[in-house]
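Read the structure below first, then the notes.
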Amino acid sequence: MAEELVLDTAIRDWVLVPLSVVMVLIGVLRYFVSKLMRSPPSSSPSPDPKTVKEGQVVIRARSLRTSSQFIPAKAFKARKLYYTNGESGLLHVPKEDAQKAQAAMFSDPNMAMDMMKKNLSMIVPQTLTFAWVNFFFSGFVAAKIPFPLTQRFRGMLQNGIDLSTVDVSYVSSRSWYFLNLFGLRGLFSLILGEENATDDAQKMMQMGGGMGFNPAMSLGAEKDSLDIIQHDWALPKMEHHAEEVLRKLLKK
Amino acid sequence: MAATTAISTATAAAEEARLLRLEEQAEHGGGGAWEYLSLARRLRARRPAPVLRLGLSLLNDASARSRLASEQWTLYEQVAVAAMDCQRVDVAKDCIGVLSKQFPGSTRVGRLEALLFEAKGDWAEAERAYALILENNPFDQIAHKRKIAIAKAQGDMSVAVDYLNKYLELFMADHDAWRELAEIYVSLQMYKQAAFCYEELILAQPTIPLYHLAYAEVLYTLGGLENLQTAKKYYASTIQLTGGKNTRALFGVCLCSAAISQLTKGRNKEEDSSELQSLAAEALLKDYKQRSPSKEALIAGMLKNMKLS
């Protein structure tokens, strides 16, 4: 093992501590800025009537599909027709609509605006701090972790230092920045309250999930599965079950 | 699915017991008023008198109110609704006044104001207030439902049915609305429509025996051989779902089979083979013997008339 490197205490005082403090402050600042920029919640959820209705239709059709055996055949047939009958059925999706739906989602200015605001509050400070760290503190070792690590951690801990001889347990200043960036989530949830944590990973998830739902597609899927189910009335069997239940009850 | 519903009903029962315990404790000056009010709000329990009393005493106590911080506004809302339930319109008015000063232009306060008009019986004004809310947000389910309630309170069932149908066109997966509509249809003696609503309810929640029972009753009332046979099946499924504990379903099976045999005059072989009605009659007799022995003779006579025992 290579001999110990001696780290100047000035590095601790002028790099390690300030960097962490600045990261925390930026996180807090970002939280308040994003709170300011967030559009008031009363104006944002103004759902399109068609989407609401389609969602409800899907729920109702699904319950018809899953518990069709509980209603008489006549009632089932009437409902099936109501949902799937050609052009007039509730589950019918006009062809051009299906294609339009995807496009509409992207062209909705409100949604795009919201997303941009979120992104902006995330990316701008990150870029600035990264530039700042790069400019002032690039290329030297800032700290040492008290346990040895394998070579694979070199990329994570010694970003910005291209030396293969330095022991992996030394942390470069740029890596310290990254560790702070991703590691301060727990601290933020302590400072800003549980739900207010500026959780980048979750934001990303939400963005991805929000785009996935497509009512037109689920309408079509529901129609197809309704088309193929066979109606099998369970009630005649219920009579026999009821007989058994009563027999058991009488025996007691 | 049955297991999860069983668990949720068990926890709901436990919570309810806790609510009552807290109420007792708070009423006797044992503290815990705020816990009680929070729990009542969460369970949506409708206990206006204690809520009004405890909530008002919290609100009138300046230090307790400041301790609640921003929670006090929810308390104002809760107390306002409870006050309207108790016909204390003056209290409700004060609470709503405070809220509208704090949150000018809020829809939630607007709903409360409309509710106050309703409590006073000022239907036209209330309806106008709800219409305003709906103009801003056509998907305000509460406002829709209140409008239906206003029509119902005025005894104007056809308008209520109209509103309900319009509401269900938008929110067709709302089974509470379906149940309301079914009950209104039954009260208007529009049994075919009611049957449709009950079918919808059975589809949405097939494990709730009450819907099966109500559907069977509507079918029995409609009459006709086919409907009677179907009704009997649904009475049977109610028996199965309740484990034979539902007296109404037991009676239903007996009545249905009596009506069927009257219609077919004993020609129907398939019906005779089933033992269900005699079993149901037996279960009824046993039940009456246990719980109300004085009426047993009556039941026995009635069942004999139906040629079931």
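Out of all the residues in region B:166-192, which are within 13 Å of chain A (Cβ to nearest Cβ) and either polar (S, T, N, Q) or part of a helix (DSSP H, G or I) (or both)?
So in region B:166-192, the residues within 13 Å of chain A (Cβ to nearest Cβ) come out as B:166-175, B:177-178, B:192.
Hits for region B:166-192 are B:LYS166, B:TYR167, B:LEU168, B:GLU169, B:LEU170, B:HIS175, B:ALA177, B:TRP178, B:LYS192.
Residues checked against (1) away from chain A (no Cβ under 14 Å); (2) in a helix (DSSP H, G or I); (3) farther than 30 Å from A:ARG79 by Cβ; (4) modelled with pLDDT of 90 or more:
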residue: B:LYS245; (1), (2), (3), (4): no, no, yes, no
residue: B:ALA258; (1), (2), (3), (4): yes, yes, yes, no
residue: B:SER261; (1), (2), (3), (4): yes, yes, yes, no
residue: B:ARG267; (1), (2), (3), (4): yes, no, yes, no
residue: B:GLU271; (1), (2), (3), (4): no, yes, no, no
residue: B:SER278; (1), (2), (3), (4): no, yes, yes, no
residue: B:LEU298; (1), (2), (3), (4): yes, yes, yes, no
Taking region B:59-80 and keeping residues aliphatic (A, V, I, L, M) and surrounded by 19 or more Cβ atoms within 10 Å (Cβ to Cβ) leaves B:LEU59, B:LEU75, B:VAL79, B:ALA80
Over region A:226-246, the set of residues of a type in the set (A, V, I, L, M, F, W, C), under 21 Å from A:ILE59 (Cα atoms) and not in a loop (DSSP other than H, G, I, E, B) is A:LEU226, A:ILE228
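Out of B:ALA82, B:ALA17, which single residue is out of contact with any Phe, Trp or Tyr (no Cβ under 7 Å at 6 or more places or on another chain), modelled with pLDDT of 85 or more and over 30 Å from B:SER106 (Cα atoms)? First the steps, then the outcome.
On the way: B:ALA82 fails: over 30 Å from B:SER106 (Cα atoms).
After applying the criteria, what remains is B:ALA17.
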Sole miss for B:LEU210 among (1) within 11 Å of chain A (Cβ to nearest Cβ); (2) open to solvent by 20 Å² or more (accessible area, probe 1.4 Å); (3) farther than 21 Å from B:LEU303 by Cα is condition (1)
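Of these, A:ALA142, A:ALA112, which one is modelled with pLDDT under 85 and either within 23 Å of the chain's Cα centre (by Cα) or assigned to a loop (DSSP other than H, G, I, E, B) (or both)? Explain how you work it out, then say what you get.
Working: A:ALA142 fails: either within 23 Å of the chain's Cα centre (by Cα) or assigned to a loop (DSSP other than H, G, I, E, B) (or both).
Step by step, each of A:ALA142, A:ALA112 is checked, and only A:ALA112 is modelled with pLDDT under 85 and either within 23 Å of the chain's Cα centre (by Cα) or assigned to a loop (DSSP other than H, G, I, E, B) (or both).
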Reported set for region A:56-78 where residues are within 19 Å of B:ALA177 (Cα to Cα), in contact (Cβ under 8 Å) with a residue 12 or more places away in the chain and within 8 Å of another protein chain (Cβ to nearest Cβ) is A:VAL57, A:LEU64
B:ARG146 passes all but one of the listed conditions (1) farther than 30 Å from B:GLU217 by Cα; (2) surrounded by 14 or more Cβ atoms within 10 Å (Cβ to Cβ); the exception is number (1)
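Identify all residues within region B:116-127 that are surrounded by fewer than 18 Cβ atoms within 10 Å (Cβ to Cβ) and farther than 18 Å from B:LEU164 by Cα; write none if there are none.
Kept after step one, since they are surrounded by fewer than 18 Cβ atoms within 10 Å (Cβ to Cβ), are these residues of region B:116-127: B:120-125.
Once the filter is applied, which keeps residues that are surrounded by fewer than 18 Cβ atoms within 10 Å (Cβ to Cβ) and farther than 18 Å from B:LEU164 by Cα, region B:116-127 yields B:LYS120, B:GLY121, B:ASP122, B:ALA124, B:GLU125.
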*asked:* Is it the case, given these coordinates, that B:GLU199 is within 10 Å of chain A (Cβ to nearest Cβ), touching a helix residue (DSSP H, G or I) at 6+ places or on another chain (Cβ under 9 Å) and at pLDDT 90 or above?
replied: yes
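Output the residues belonging to region B:211-229 that are in contact with a Leu (Cβ under 6 Å, 6 or more places away or on another chain) and over 14 Å from B:PHE196 (Cα atoms). Talk me through it step by step, then tell me what you get.
Restricting attention to region B:211-229, the residues satisfying the condition of being in contact with a Leu (Cβ under 6 Å, 6 or more places away or on another chain) are B:211, B:225, B:227.
Once the filter is applied, which keeps residues that are in contact with a Leu (Cβ under 6 Å, 6 or more places away or on another chain) and over 14 Å from B:PHE196 (Cα atoms), region B:211-229 yields only B:LEU225.
Among the residues of region B:82-98, write down those that are open to solvent by less than 10 Å² (accessible area, probe 1.4 Å) and among the acidic types (Asp, Glu). Step through it out loud before you land on a result.
Taking region B:82-98 as the starting set, the residues that turn out to be open to solvent by less than 10 Å² (accessible area, probe 1.4 Å) are B:82-83, B:92, B:95-96.
None - no residue of region B:82-98 is open to solvent by less than 10 Å² (accessible area, probe 1.4 Å) and among the acidic types (Asp, Glu), so the list stays empty.
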How many residues of region A:171-212 are modelled with pLDDT under 60, exposed (fewer than 12 other Cβ atoms within 10 Å of the Cβ) and outside any helix (DSSP H, G or I)? The answer is 0
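Quick check on B:GLN290: is it within 13 Å of another protein chain (Cβ to nearest Cβ), buried (at least 16 other Cβ atoms within 10 Å of the Cβ), free of Cβ contacts under 8 Å to residues at least 12 places away in the same chain and assigned to a helix (DSSP H, G or I)?
Values: within 13 Å of another protein chain (Cβ to nearest Cβ): yes; buried (at least 16 other Cβ atoms within 10 Å of the Cβ): no; free of Cβ contacts under 8 Å to residues at least 12 places away in the same chain: yes; assigned to a helix (DSSP H, G or I): yes.
The answer is no for B:GLN290.
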When every residue in region B:99-115 that is among the hydrophobic types (A, V, I, L, M, F, W, C) and assigned to a helix (DSSP H, G or I) is compared, the one most open to solvent (accessible area, probe 1.4 Å) is B:LEU115
Checking A:ALA104, A:ALA98, A:ALA131 in turn, the sole residue that is assigned to a helix (DSSP H, G or I), more than 30 Å from B:GLU200 (Cα to Cα) and modelled with pLDDT under 75 turns out to be A:ALA104
Of the listed residues (B:TYR215, B:TYR235), the one being within 19 Å of A:HIS240 (Cα to Cα), facing another protein chain (nearest Cβ under 9 Å) and crowded, with 22+ Cβ neighbours inside 10 Å is B:TYR235
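Looking only at region B:128-138, which residues are more than 14 Å from chain A (Cβ to nearest Cβ) and crowded, with 18+ Cβ neighbours inside 10 Å?
Of everything in region B:128-138, those that are more than 14 Å from chain A (Cβ to nearest Cβ) and crowded, with 18+ Cβ neighbours inside 10 Å turn out to be B:ALA129, B:TYR130.
The values are calculated or read from the model by the stated rules, or taken from the named source; none is laboratory data. A quick note: this is a predicted structure, and the numbers were derived from the prediction, not measured. With ideal geometry, Cβ positions are generated from the backbone for all residues, glycine too; neighbour counts draw on all protein chains shown. The accessibility values were calculated without ligands, DNA or RNA, using every heavy atom of the protein model including side chains. Shrake-Rupley method; radii C 1.70, N 1.55, O 1.52, S 1.80 Å.
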